[in-house]
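The next block holds one structure in the form of structure tokens; read it before the comments.
Readers should treat all values here as calculations from the given coordinates under stated rules, not as data from a laboratory. Quick caveat, the model's predicted, so the values are computed rather than measured. No Cβ is skipped: glycine too gets one built from the backbone with ideal geometry, and neighbour counts run over all protein chains shown.
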Amino acid sequence: MDPLDRNLVEPRPSKGLYPRSWTCYDIRELGLTVVIRQVSPVLPHNYEDSSLPVCCFVVTVQNDSDTDLEVSIAFTFRNGTGNRRWENESECTFARFTDGNVTGVTLAHTISQLPCTYGIATTSNAESTSHVSLCQGFDPSKSGAAVWDSLRDTGDLPGKDDECVPGSTELAVGVCQRFAVPANASRTAEFALAWDMPNVLFGASKRWYRRRYTRFVKGASCLCERALRRRAKWEKALDEWQSPILDHPQLPDWYKSAIFNELYFMTDGGSLWFEYDDAWSKHETQLSDYTKNLMKQYGRFGYLESWEYRMVNTYDVHFYASFAIAQLWPYMELTVQSEFTDQIEHSVDIHITFHMEGDVARQKTSSRVPHDLGNPADEPWLCTNAYVMHDTGKWKDLNLKYVLTSWRDHVALPRHPDDLSFLEHTWPAVQKLMSEAILEWDQDGDGMIENFGKADQTYDAWRMEGVSAYCGSLWLASLRVAAEMAKILGYEECEKQYLQTLASARKVFIDRLWTGSYFRFCERSRSRESIMADQLCGVWFLQSVSPHLAAEVLPPNMVREALKTIYEYNVCRFAGGRMGAVNGMRPDGRVDREYIQADEVWTGVTYAVAAFLLQQGETEKAFHTASGCYNACFERVGLQYQTPEALYENKFYRAIGYMRPLSIWAMQWALQRHCGLNSPKQRFPLTIISINDPQSSPRLLTFQMYYMVLQWQLMS
């Protein structure tokens, strides 16, 4: 049955500005325009409402005709699924609820043996007389004739479809609001959706977890009620957060879209946010009191590397993405970093064979930062290092990224100026990791670490051998950071030792890799002469928070020259300058195709390079670099809300729905801390207002968007 003449309804382009979206429909024959505004409470610095698994829908009906009309807006929702066979699905039950002017219905069932209750609700329209009707059950796999017939004949939903069998494994429920819309006027109706799955059991079924939102609200009906009562407050907070960026006259339109819409991954990235449980200490003896106290206040957070790479809190990638969390939910970032601190000395006495080299080693080695905190198909947190392609105990970047992130979080995140507790918590681990690096990775005793000819860092298919630009820059920056930490904490001998090692390592780094215009990829590998977009990753990260320290790591003129070369080669000479920064370019202008990943554009790295350019005051180059990624994903390839890890010059992409592109918030960090972008009234040196792809049709914050409610799933 097709109850709607679709020729009467003309959809307009949708608009997305996460965590809100707008979908507009014109009903030409009636002179009606219907705008559905979708709102989720993903609110910076809010650790309560941001955890709620809810979404609000504000429906505005504009009547441009000369006739008074009566309009019905119906919202239906069906049960979820969690089994391979339909007959194994659980029975569904429904219940009506009313709380003041909020009326709705719940749908209870199980998904993968876990209790789950959906709730949908609406409020009585305060602007005019309205009538709310409910349908407490119909079969979503049939024609829905009873539902459509009732709406057509009465404007209301039927109380129940007579064909709906009690105890059915397929069930849908609905709420409807009917109200008058006078001629040349508008009226609004509000709806809410909640999904209440309070407890979580992972694949190995070893431990139950309780979602954070259960600390504040219990039950789908209460979630709907809170959402409808607080929606206006949430939107006010969203406006106050987003308006300074949206209203700034110098920021390009594409950036205003990207900076917010890339945040989709914070909630759609397999996100987990749990309440602390004292029982965790029984099996996680490494958890410190410092970390547990943070978890008691802010919960335990995790998100996946990507939809395809199912590993929680993949640390080498989180290093880039953490700029979003550090700015918007800083105490969540502190909790994640503190937990990794506790994991460093923890080891797992399980030996496995790693796929690429065939090495047999411990799954988690002591004195190493874990690659990740586990796979949801197994048992995250209890079984870490789910990544088994390489032995990450030999990776050079993980430990160093931990050192740099600890420094940033100490310097930049909220604390009293005299509060050194976080630094004191991380210092023993920093000291241990730096000692291990010198002992294990400096093969010739010159102060500079070397790569071993394997893919022993985040570029896990791109081999580095000898001194490398990527890991070498991380090492230099870590030495300077460790020295500064030692100075603050009063360890003068440690400070002296780190500075002496830095002086030696810096000379080696420059002597072996500097070409006069960039730093070589590494000393020995098929890519050794290549220009790597991420070659000064460590300097970028350190400069983002402590420019004076970064200036002591490498001469600023070399940094500027290297970035100039990266921009000219990796950005402008690749794909017509329209895709961002390719990972590797040859000095002759050819793309490096010696290894997988060398010829990829990593979206998150491109945003990091753009942030690095901003830190030098190169605003025009920065926005041009980053706009290539945005236009490729959002305007040309159709990858909105699923930004991949990698783009290829032609036809292909890899790993959609990826964590690293959250690094676009490193650009915002740089704009505020290095370019003076603090308010719409404060100008910064941007010589080009808007850089758009000449072969696309840019639209201010608008693009076609798949209208999927559960894509906006919250961190719950």
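Axis of helix 145-154 versus longest Cα principal axis of the chain: the two differ by about 60°, to the nearest ten degrees. Here the chain is assigned +1 on the Cβ of each Lys and Arg and -1 on the Cβ of each Asp and Glu. Its dipole about the Cα centre then comes out at about 740 debye. Scaled against 2.2 N^0.38 Å for its residue count N, the alpha carbon radius of gyration of the range 515-576 is 1.17.
Quick check on the range 393-574: take the gyration tensor over C-alpha atoms, sort the square-rooted eigenvalues as a ≥ b ≥ c, and tell me if it's rounded (a/c under 1.5), prolate or oblate.
prolate
So I have [x] 35.7; [y] 32.1; [z] 46.6, and one of them is mean projected area of the Cα convex hull in nm² calculated from this model. Which one is it? Entry [y].
For Gly137, the residues whose amide H sits under 5 Å from its own are Asp161, Gly174, ignoring neighbours fewer than 5 places away on the same chain, with H placed 1.01 Å from N.
Quick one: Cα convex hull volume of the range 6-223, Å³ per residue?
Working: hull volume 33.9 nm³, N = 218.
Value for the range 6-223: 155 Å³ per residue.
Couplings 3J(HN,Hα) for the range 456-462, derived from phi with the Karplus relation 6.51 cos²θ - 1.76 cosθ + 1.60 (θ = phi - 60°), are 9, 5, 4, 7, 7, 10, 10 Hz, where x marks Gly and Pro.
When the chain is described by a simple charge dipole with +1 on each Lys and Arg Cβ and -1 on each Asp and Glu Cβ, the residue from Phe623, Ile27, Trp427 located farthest towards its positive end is Phe623.
Quick check on the range 424-465: take the gyration tensor over C-alpha atoms, sort the square-rooted eigenvalues as a ≥ b ≥ c, and tell me if it's rounded (a/c under 1.5), prolate or oblate. Oblate is the answer for the range 424-465, as a/c is 1.5 or above yet b/c matches or exceeds a/b.
Taking Cα pairs under 8 Å and at least six residues apart, what relative contact order does the range 6-223 come out at, in percent? Mind dumping the intermediate values first?
Details: 514 pairs, mean separation 51.5, N = 218.
Here the relative contact order equals 24 percent.
Sorted by average packing, counted as other Cβ atoms within 10 angstrom per residue and highest first, what order do 605-613, 646-654, 327-335 take? Working shown, then result.
Working: 605-613: 29.6, 646-654: 14.9, 327-335: 21.2.
Ranking the peptides 605-613, 646-654, 327-335 by packing returns 605-613, 327-335, 646-654.
With respect to the chain, whose longest principal axis is taken over its alpha-carbon atoms, helix 421-441 is tilted by about 50°.
Counting neighbouring Cβ atoms within 10 Å and putting the fewest first, the residues Leu398, Leu439 line up as Leu439, Leu398. Using C-alpha pairs below 8 Å separated by at least 6 residues, the relative contact order for the chain is 13 percent. Each residue of the range 220-229 was assigned a 3J(HN,Hα) from its phi angle through the Karplus curve 6.51 cos²θ - 1.76 cosθ + 1.60 (θ = phi - 60°); the sequence is 5, 5, 5, 5, 4, 4, 5, 4, 5, 6 Hz, with glycine and proline shown as x.
With the cut-off at 1.5 for a/c, could you classify the range 303-359 from its C-alpha gyration tensor as rounded, prolate or oblate? Could you put the intermediate results ahead of the total?
Details: a/c = 3.10, a/b = 1.62, b/c = 1.92.
Cα axes put the range 303-359 in the oblate bin.
By the beta-carbon count within 10 Å of each Cβ, the least crowded to most crowded order of His45, His674, fewest first, is His45, His674. Only one residue of Cys92, Ser406, Leu223 has its Cα farthest out toward the positive end of the dipole of the chain, where Lys and Arg carry +1 and Asp and Glu -1 on Cβ, and that residue is Ser406. Scalar couplings 3J(HN,Hα) for the range 102-109, obtained by applying the Karplus form with A = 6.51, B = -1.76, C = 1.60 to θ = phi - 60°, are 9, 10, x, 9, 10, 10, 9, 6 Hz; x denotes Gly and Pro. For the range 393-574, the relative contact order comes to 22 percent (Cα pairs under 8 Å, sequence separation of at least 6). In this structure the amide hydrogen of Ile531, modeled in the peptide plane, comes within under 5 Å of the amide hydrogens of Met585, Arg586, none closer than 5 places in sequence on its chain. Residue-normalised convex hull volume from the C-alpha trace of the range 16-93: 198 Å³ per residue.
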